[in-house]
Amino acid sequence: MADWLTALDRRAELRAKAGLTRRLHPRGADDAVVDLAGNDYLGLATHPEVVAVAAKALSEYGLGATGSRLVRGSTYAHHALEDTLAGWLGTERALVFSSGYLANVGAVRALVRPRTLLVSDAHNHASLIDGCRVSGAETVVTPHADVAAVAAALAAAPGRPAVVVTESVFSVDGDLAPLARLHAVARQHGAVLLVDDAHALGVTGPAGAGAVAAAGLAGEPDVVVTATLSKALGGAGGVVAGPAGYVRHLVETARTFIYDTALPPAVAAGVHAAVELARAGDDLRAELAERADLAASRLRAAGLEVSAPDAAVVSVTAPTPEAATAWAAACRDRGVAVGCFRPPSTPDSRSRLRLTIGAGAPRADFERALEVIVECAP
Ligand code: PMP
């Protein structure tokens, strides 16, 4: 008897009793809530041009890629998207994975050679953490955004290959990593800088090319950029971009690329259309930045503790995990969806609501949503 399967459920029961159950909220296509929880920053997931291009590719290629990239899964849609992404990000080459998670795991692991040291920020996303773990390399976790700690970790491993692993805009608090300083320290020690630009691509940087481009690091020979295609680009998939030799090495060795069924071609085509719209979306980016500032100032004026948003992620501290859960539920009951982050999904022991701002919703709805969040505060 597999009693332990039943025992697993007891753990879930304990979480339920504490009011900490993780809930799945199914939504219909006609969902009417004001969305401050999703990552469709530029409103491109439902943009008519994106949908039309994806629908055309869907009718031409069918539903799935029918195989991994190295077998039958590579289509012209994938290759065209990769060329466009490399051009946008300013790198020699880009490779598309079927998710940002798999891109990160593959990108980190492929950088590891014997004796490699990984230096990973304490607030890094689970996919970067898993990349470090899967690689089997020694990993030093440095305090959040602490350049001196990164420098010390590198200095303590002279002569060893090293990779500094960070997000650009951190997914929980929305703050921006000190990319230029991290790069300077990495270069001084001959290390590679790997940056997950998931929450910045399309949202910040020249023509929306992300925070790495904004920091002037695009195309540097010791920088690797990863991103998801599921946030500002409104689709799905991930990308790893960098020097051509490294990307070639990924094609040969990255297990999450080689052994995974390719991204559906229709998604690749739709994301390609989204990239073109994102590049031309300076007006949307200006609206986003303004809304993020407005959210932070309104919530602060109501006495709430709010992160300093560097892109479109705004985080609001909740006193306890239970209060965060109740707060998010009350907002939901009043038609506002917000992210609810509690331990163990937070990098510290704090709970918070995470607001991901979108430029797509009508302005009046957005402002009303801010009022609801304040009125429902614990
Ligand atoms: N990196 C970061 C910073 C993310 O927030 C996410 C999405 N939660 C990912 C990677 C993973 O991307 P995907 O959802 O495409 O797997």
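The values are calculated or read from the model by the stated rules, or taken from the named source; none is laboratory data. A quick note: this is a predicted structure, and the numbers were derived from the prediction, not measured. Cβ sites come from the backbone with ideal geometry, for glycine too, and all protein chains shown count toward neighbours.
Where helices (runs of 4 or more DSSP H) sit wholly within the stretch 220-295, those with at least 1 residues that are within 16 Å of residue 89 (Cβ to Cβ) and away from the ligand (no atom under 16 Å from the Cβ) occupy 244-253, 265-279. So in the stretch 110-147, with the set limited to residues that are of a type in the set (A, V, I, L, M, F, W, C) and over 29 Å from residue 262 (Cα atoms), which one is farthest from the ligand (Cβ to nearest atom)? Across the stretch 110-147, the extreme among qualifying residues is 117.
One residue is enough: does the stretch 184-193 have a residue meeting the conditions in contact with a Leu (Cβ under 8 Å, 6 or more places away or on another chain) and either at pLDDT below 95 or under 19 Å from residue 94 (Cβ atoms) (or both)? Looking through the stretch 184-193, at least one residue is in contact with a Leu (Cβ under 8 Å, 6 or more places away or on another chain) and either at pLDDT below 95 or under 19 Å from residue 94 (Cβ atoms) (or both). Just wondering, is there one or more residues in the stretch 182-194 that are in the same structural domain as residue 91 (by TED's automatic domain parsing), within 14 Å of the ligand (Cβ to nearest atom) and surrounded by 21 or more Cβ atoms within 10 Å (Cβ to Cβ)? Looking through the stretch 182-194, at least one residue is in the same structural domain as residue 91 (by TED's automatic domain parsing), within 14 Å of the ligand (Cβ to nearest atom) and surrounded by 21 or more Cβ atoms within 10 Å (Cβ to Cβ).
Is it the case that the stretch 34-47 has a residue that's touching a helix residue (DSSP H, G or I) at 6+ places or on another chain (Cβ under 8 Å), among the aromatic types (Phe, Trp, Tyr) and part of a loop (DSSP other than H, G, I, E, B)? Scanning the stretch 34-47, I find at least one residue that is touching a helix residue (DSSP H, G or I) at 6+ places or on another chain (Cβ under 8 Å), among the aromatic types (Phe, Trp, Tyr) and part of a loop (DSSP other than H, G, I, E, B), so the answer is yes. Can you find, within the stretch 77-94, the residue that is nearest to the ligand (Cβ to nearest atom) among those that are surrounded by 18 or more Cβ atoms within 10 Å (Cβ to Cβ) and more than 18 Å from residue 274 (Cβ to Cβ)? That would be 91.
Could we say that residue 332 is within 18 Å of residue 170 (Cβ to Cβ) and charged (D, E, K, R) here?
Numbers: within 18 Å of residue 170 (Cβ to Cβ): no; charged (D, E, K, R): yes.
So residue 332 fails the test.
Only one of the numbered conditions (1) more than 16 Å from the ligand (Cβ to nearest atom); (2) more than 20 Å from residue 74 (Cβ to Cβ) is violated by residue 201, and that is (1). Can you tell me which residue in the stretch 163-173 is farthest from the ligand (Cβ to nearest atom), limited to those that are outside any strand (DSSP E or B) and either at pLDDT below 95 or of a type in the set (Val, Ile, Thr) (or both)? Here the answer is 173.
Just one of the listed residues (68, 74) is buried (at least 18 other Cβ atoms within 10 Å of the Cβ) and either of a type in the set (S, T, N, Q) or at pLDDT below 95 (or both), namely 74.
All of 77, 65, 37, 57 fail the test of being touching a residue at least 24 places away in the same chain (Cβ under 8 Å) and out of contact with any Ser or Thr (no Cβ under 9 Å at 6 or more places or on another chain), apart from 77.
Only residues that are crowded, with 18+ Cβ neighbours inside 10 Å and over 20 Å from the mean Cα position of the chain (by Cα) were counted across the stretch 223-246, and they come to 2. Out of all the residues in the stretch 118-137, is one or more farther than 13 Å from residue 196 by Cα, buried (at least 20 other Cβ atoms within 10 Å of the Cβ) and either in contact with a Pro (Cβ under 8 Å, 6 or more places away or on another chain) or free of Cβ contacts under 8 Å to residues at least 12 places away in the same chain (or both)? No, the stretch 118-137 contains no residue that is farther than 13 Å from residue 196 by Cα, buried (at least 20 other Cβ atoms within 10 Å of the Cβ) and either in contact with a Pro (Cβ under 8 Å, 6 or more places away or on another chain) or free of Cβ contacts under 8 Å to residues at least 12 places away in the same chain (or both).
In the set (1) out of contact with any Ser or Thr (no Cβ under 6 Å at 6 or more places or on another chain); (2) within 16 Å of the ligand (Cβ to nearest atom), residue 177 fails one condition alone, (1). Just one of the numbered conditions (1) at positive phi; (2) outside the structural domain of residue 127 (by TED's automatic domain parsing) is not true of residue 62: (2).
For the stretch 204-218: of the residues being in a loop (DSSP other than H, G, I, E, B) and under 15 Å from the mean Cα position of the chain (by Cα), which is farthest from the ligand (Cβ to nearest atom)? Lay out the reasoning, then the answer.
Of the stretch 204-218, the ones in a loop (DSSP other than H, G, I, E, B) are 204-205, 209-210, 215-218.
Now narrow it down to the ones that are under 15 Å from the mean Cα position of the chain (by Cα): 204, 209-210.
On the way: 204: 14, 209: 17, 210: 12 Å.
It comes out as 209.
For the stretch 95-109, does any single residue satisfy the condition of being touching a Leu at 6+ places or on another chain (Cβ under 8 Å) and either more than 16 Å from the ligand (Cβ to nearest atom) or aromatic (Phe, Trp, Tyr) (or both)? For the stretch 95-109, residues touching a Leu at 6+ places or on another chain (Cβ under 8 Å) and either more than 16 Å from the ligand (Cβ to nearest atom) or aromatic (Phe, Trp, Tyr) (or both): present.
Does the stretch 171-194 hold any residues that are free of Cβ contacts under 8 Å to residues at least 60 places away in the same chain and under 11 Å from the mean Cα position of the chain (by Cα), and which are they? Quick ask: steps written out before the conclusion?
Within the stretch 171-194, the subset free of Cβ contacts under 8 Å to residues at least 60 places away in the same chain is 177-190, 193.
None; the set is empty.
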